[in-house]
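Trainee: One structure, as structure tokens, below. Some questions next.
The values are calculated or read from the model by the stated rules, or taken from the named source; none is laboratory data. No experiment lies behind these values; they were computed from the predicted model shown. Using ideal geometry, Cβ is built from the backbone for each residue, glycine included, and neighbour counts are taken over all protein chains shown.
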Amino acid sequence: MTKAITVDGLHKSFGRTHALTGLDLTVDTGEVHGFLGPNGAGKSTAVRVLLGLLRADAGDVRLLGGDPWRDAVALHRRIAYVPGDVTLWRNLSGGEVIDLYGRLRGGLDPGRRAELIERFELDPTKKGRTYSKGNRQKVALVAAFASDAELLVLDEPTSGLDPLMEGVFQSCVAQQRDRGRTVLLSSHLLSEVETLCDRVSIIRAGRTVETGSLAELRHLTRTSVTAELAGPPNGLARLPGVHGLDIRGHQVRLQVDTDKFDAVLRALTASGVRSLISTPPTLEELFLRHYTDEAGSR
Amino acid sequence: MTTGARPLAGTGALLGLALRRDRAMLPLWAGLLSLTVVSGAGTVGSLYATAAERADLVRSLAVNGSLRAMLGPAFGDSLGALVSWRFGVFAALAAAALSLILVVRHTREEEESGRQEMLSSAMVGRRAPLTAALLTALIANTALTGAITAGLAGPTGSATGALALGLAVGLTGMAFAGLAAIAAQLTESARAAKGLTAAALGLAYALRAAGDSATADGSAVPTRLSPLGWAEQIRPYAGERWQFAALLALAALAQIAVAYALTGRRDIGMSFLPSRPGPAAGRIAGPTGLAWRLQRGALLGWSAAFLAGGIAFGSLASGVATLVGENESTREIFERMGGQSGLTDAFLASMTGLFGLVAAVYATSSVLRAHSEETGGRAEPVLAGPVGRAHWAAGHLALALGGSALILAAAGLGMALGHGTAPGPLLGAALSQLPAVWLLGGLAMALYGVLPRAVMAAWAAVGLTLAIGWIGPALRLPDALLELSPFGRLAKLPGNPMEWRPALLLTALAAALVAVGLAGLRRRDLRN
């Protein structure tokens, strides 16, 4: 499988601030890749380096087989970018801006442009100053989805969109994936990432802490188990990978490292199981672990 | 992929974007400016119809250092030479101002607003934004040059002279476009980039004024150091000296080369002059404190510039009257104009008037800071707090009206310091300009409060006042027009008795305009 993006040991500092301290990121061609991290983790800095807007201090960055700084313009023909906070020109209409970006990205499909404007319920005749936050995002989204870009770089693209439009956005991304496009999606909406992304990378304080498919990431975390047993539980405390064990009579609550789940299940069935609830880790838990770890490490 | 950099890719699309955005401002500004210059042939021609009258005017300039400081020397007594003298410096200055606004608007302002980030994610080379901005400036200046050349060639009877004047204007514009391009690489904010370039423009004018007040042929060193001095030395209609046009072109090209070297070497949104971190905790207590915090930097800069300008002009004052021509007729004009002390006073009064005109620019921009706070969406959250609209606006008004007093006082003190006299009279003379400055500030407030859509009319009023004050007097414009300018009604100090009646009247009018503005602001919807 070819790689759309490979980043290896990326460093970027602004004066004394170290924004990126060894970031790694691999995005396969044709996948939707989630890019997660708490505020200030360096997501937008990384995206700007990928777009050749910032120059990397150190590390190896390849984008669609090119160098994002040196080959910026040639690469940008194949990229569409939507920032989290779109600003428009006060006296230009939304339609004018969409067509401007279409020209700047080497063409735009008029049919798809019309269809997207309708789906997003955007009025392209309004001037930039009169659009609300959500409608400014729509202008950029229509411009990006109507282009023929191979790679879409979306940096919190749905901020300000209502739930209905969020749904339209998700179906547009799915459509792009079906057409074989690659999407790098930086987002805080975990449900969005869970629905759309094949793989995710979580970064913290400028470096990558987790990367993989959601299933793989879940594997690294704990499953919550609540069980009602026929007899008193036996030997659970001695099993490796068990945390937060709480036994009240025949009722057991515990968390277990997902790869040790099997042994716990066997110990439970040995005592006879009356009911069992097992909850796989949500992305949110996965995420919160990194957030709170960060707070704790300070 | 080695050809992937293409630093100029997308320039055409960006140029189209710039021209589309400026579709109203650009033709209006360039049209009005070239019209002013071209119509000058008619007014100068009817005022100084005979060769004798024109020669008399040029002779009187030999003793009139203050008029030379304002407009520069005249290099001939033909109609074209007088039009150049009358309008040349003014038009060059206006072209420079237009160019610096255009260049910063399409470079640093785009980066600061965040729009450039999305543009640069498309097929836009790293040097394309700067190139498109400079091309926009080039189009504007070429249009100015062309319109002036075409408009004046007929009436003045010399296409060569008309071209020389057009080039003097257009090339000055391009020289300051180049400087603005550098400033836009150095600073992180568009405001600072414009301020830096405008300060250089002010310095260029002051140097030229200082040099021209001392000599009648622009041969003084300060004039030779100023780009505006070079523009003047092209000497349209009076044995054109094309080497000075080449010098201006060279300055433009050299500065553009520096800007090109800087751009594309830096990260987007970053600057070569790093911004320092601010305090971790703040002491800004309310809307007045906020207004002070937002405007104090500008006020400080203006005060320093006015003080320095005052010292410079003050130190020239005693010199202007010593330069008397040897022949009888200039001696006679010299006596008629009040001799030594009369001429010194006239010079100081002219300079005081100049400071007053420029202070009106400060007052207007300071009042309209409230407008940009509102349209930028920054006023809304403040006004959503327990802050009345009048209270909020009062902070900006206090800085505008009080700040005008402060900068004029700085100019007055500077003149006294430079001239070596007691501060009282010159301080008073400078402050006597206040009522007219306040009136224009009040007008801006009234427009902002009542008709926020038409707020740019405040700048039009300032522009008209500047044009009347600058090029009006020697044109002997009809009194009705001259009296449109509030400055025309003030006593000419020093050298004349103070007139309290117009001063009080203008102050009262200004207060009424402010009250109207505040009442309108309380009543209308906020804009975004």
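Trainee: May I ask you to list the residues in the range A:105-116 that are surrounded by fewer than 14 Cβ atoms within 10 Å (Cβ to Cβ) and within 14 Å of chain B (Cβ to nearest Cβ)? Walk me through how you get there before you give the answer.
Mentor: Pass one, the range A:105-116, residues surrounded by fewer than 14 Cβ atoms within 10 Å (Cβ to Cβ): A:107, A:110-111, A:114.
A:Gly107, the sole residue that qualifies.
Trainee: Please go through (1) away from chain B (no Cβ under 14 Å); (2) out of contact with any Asp or Glu (no Cβ under 9 Å at 6 or more places or on another chain); (3) touching a residue at least 12 places away in the same chain (Cβ under 8 Å) for A:Pro124 and return the number of the only condition it doesn't satisfy.
Mentor: The number of the failed condition is (2).
Trainee: Somewhere in the range B:154-162, is a residue aliphatic (A, V, I, L, M) and within 30 Å of B:Tyr237 (Cβ to Cβ)?
Mentor: Yes, there is a match, as at least one residue in the range B:154-162 is aliphatic (A, V, I, L, M) and within 30 Å of B:Tyr237 (Cβ to Cβ).
Trainee: To continue, here is another question. Which residues, counting only those in the range B:435-461, are closer than 28 Å to B:Val44 by Cα and either crowded, with 21+ Cβ neighbours inside 10 Å or at pLDDT 95 or above (or both)?
Mentor: B:Ala436
Trainee: Kindly indicate the residue of the range A:141-156 that is of a type outside the set (Phe, Trp, Tyr), more than 11 Å from chain B (Cβ to nearest Cβ) and assigned to a helix (DSSP H, G or I) and also surrounded by the most Cβ atoms within 10 Å (Cβ to Cβ) among those meeting that condition.
Mentor: A:Val142
Trainee: For the structure I just gave you, tell me whether A:Arg113 is out of contact with any helix residue (DSSP H, G or I) (no Cβ under 6 Å at 6 or more places or on another chain) and basic (Lys, Arg).
Mentor: No.
Trainee: For the range B:75-108, what are the residues that are outside any helix (DSSP H, G or I), in contact with a helix residue (DSSP H, G or I) (Cβ under 6 Å, 6 or more places away or on another chain) and surrounded by fewer than 24 Cβ atoms within 10 Å (Cβ to Cβ)?
Mentor: Within the range B:75-108, B:Asp77 is the sole residue that qualifies.
Trainee: Between A:Leu63, A:Leu53, A:Leu75, which is modelled with pLDDT under 90, among the aliphatic types (A, V, I, L, M) and either assigned by TED's automatic domain parsing to the domain that holds A:Leu25 or crowded, with 20+ Cβ neighbours inside 10 Å (or both)?
Mentor: A:Leu53
Here's the yes/no breakdown for (1) touching a Ser or Thr at 6+ places or on another chain (Cβ under 9 Å); (2) modelled with pLDDT of 90 or more:
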site: A:Ala80; (1), (2): yes, yes
site: A:Arg105; (1), (2): yes, no
site: A:Lys127; (1), (2): yes, no
site: A:Asp148; (1), (2): no, no
site: A:Asp155; (1), (2): yes, yes
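Trainee: Are any residues in the range A:117-140 outside any helix (DSSP H, G or I), of a type in the set (Val, Ile, Thr) and surrounded by 16 or more Cβ atoms within 10 Å (Cβ to Cβ), and if so, which ones?
Mentor: Hits for the range A:117-140: nothing passes.
Trainee: Identify, from the list B:Gly170, B:Gly202, B:Gly195, the residue that is buried (at least 24 other Cβ atoms within 10 Å of the Cβ), in contact (Cβ under 8 Å) with a residue 60 or more places away in the chain, of a type in the set (Gly, Ala, Ser) and touching a helix residue (DSSP H, G or I) at 6+ places or on another chain (Cβ under 8 Å).
Mentor: That would be B:Gly170, the only listed residue that is buried (at least 24 other Cβ atoms within 10 Å of the Cβ), in contact (Cβ under 8 Å) with a residue 60 or more places away in the chain, of a type in the set (Gly, Ala, Ser) and touching a helix residue (DSSP H, G or I) at 6+ places or on another chain (Cβ under 8 Å).
Trainee: Return the total of residues in the range B:18-58 being away from every other protein chain (no Cβ under 14 Å), outside any helix (DSSP H, G or I) and farther than 23 Å from B:Gly157 by Cα.
Mentor: Matching residues across the range B:18-58 total 0.
Trainee: In addition: Can you pull out the residues in the range A:188-215 that are modelled with pLDDT of 85 or more, surrounded by fewer than 16 Cβ atoms within 10 Å (Cβ to Cβ) and either over 11 Å from the mean Cα position of the chain (by Cα) or over 30 Å from A:Gln175 (Cβ atoms) (or both)?
Mentor: Hits for the range A:188-215 are A:Gly212, A:Ser213.
Trainee: Test B:Leu15 against the criterion of being within 27 Å of the chain's Cα centre (by Cα), assigned by TED's automatic domain parsing to the domain that holds B:Ala147, under 20 Å from B:Ala94 (Cα atoms) and assigned to a helix (DSSP H, G or I), and give yes or no. Give the steps one after another, and end with the answer.
Mentor: Working: within 27 Å of the chain's Cα centre (by Cα): yes; assigned by TED's automatic domain parsing to the domain that holds B:Ala147: yes; under 20 Å from B:Ala94 (Cα atoms): no; assigned to a helix (DSSP H, G or I): yes.
So B:Leu15 fails the test.
Trainee: Restricting to the range B:14-32, name every residue that is of a type in the set (A, V, I, L, M, F, W, C) and modelled with pLDDT of 95 or more.
Mentor: Selection gives B:Leu14, B:Leu15, B:Leu17, B:Ala18, B:Leu19.
Trainee: Taking the options B:Ala251, B:Ala317, B:Ala285, B:Ala238, name whichever one is assigned to a loop (DSSP other than H, G, I, E, B) and surrounded by 14 or more Cβ atoms within 10 Å (Cβ to Cβ).
Mentor: Residue meeting the stated conditions: B:Ala238.
Trainee: With the structure loaded, tell me whether A:Gly160 is at positive phi, crowded, with 16+ Cβ neighbours inside 10 Å and not in a strand (DSSP E or B) or whether it fails that test. Even if it seems obvious, please write down each step before you answer.
Mentor: On the way: at positive phi: yes; crowded, with 16+ Cβ neighbours inside 10 Å: yes; not in a strand (DSSP E or B): yes.
The answer is yes for A:Gly160.
Trainee: Output yes when any residue across the range B:233-256 is closer than 30 Å to B:Leu163 by Cβ and of a type in the set (Lys, Arg), and no when none is.
Mentor: Checked against the condition, which is being closer than 30 Å to B:Leu163 by Cβ and of a type in the set (Lys, Arg), the range B:233-256 yields at least one hit.
Trainee: Determine whether the range B:294-313 contains at least one residue that is buried (at least 20 other Cβ atoms within 10 Å of the Cβ), away from chain A (no Cβ under 14 Å), more than 21 Å from the chain's Cα centre (by Cα) and modelled with pLDDT of 90 or more.
Mentor: no
Trainee: Given the range B:114-199, what helices (runs of 4 or more DSSP H) lie entirely inside it while holding 1 or more residues that are among the aliphatic types (A, V, I, L, M), closer than 20 Å to B:Ile256 by Cα and touching a His at 6+ places or on another chain (Cβ under 6 Å)? Walk me through it before giving the result.
Mentor: Details: elements: B:115-120, B:128-156, B:159-186.
By residue number, B:128-156.
Trainee: A follow-up question, please. Checking the structure you have, find out if any residue of the range A:216-235 is in a strand (DSSP E or B), modelled with pLDDT of 85 or more and closer than 18 Å to A:Val47 by Cα.
Mentor: Checking the range A:216-235: not a single residue is in a strand (DSSP E or B), modelled with pLDDT of 85 or more and closer than 18 Å to A:Val47 by Cα.
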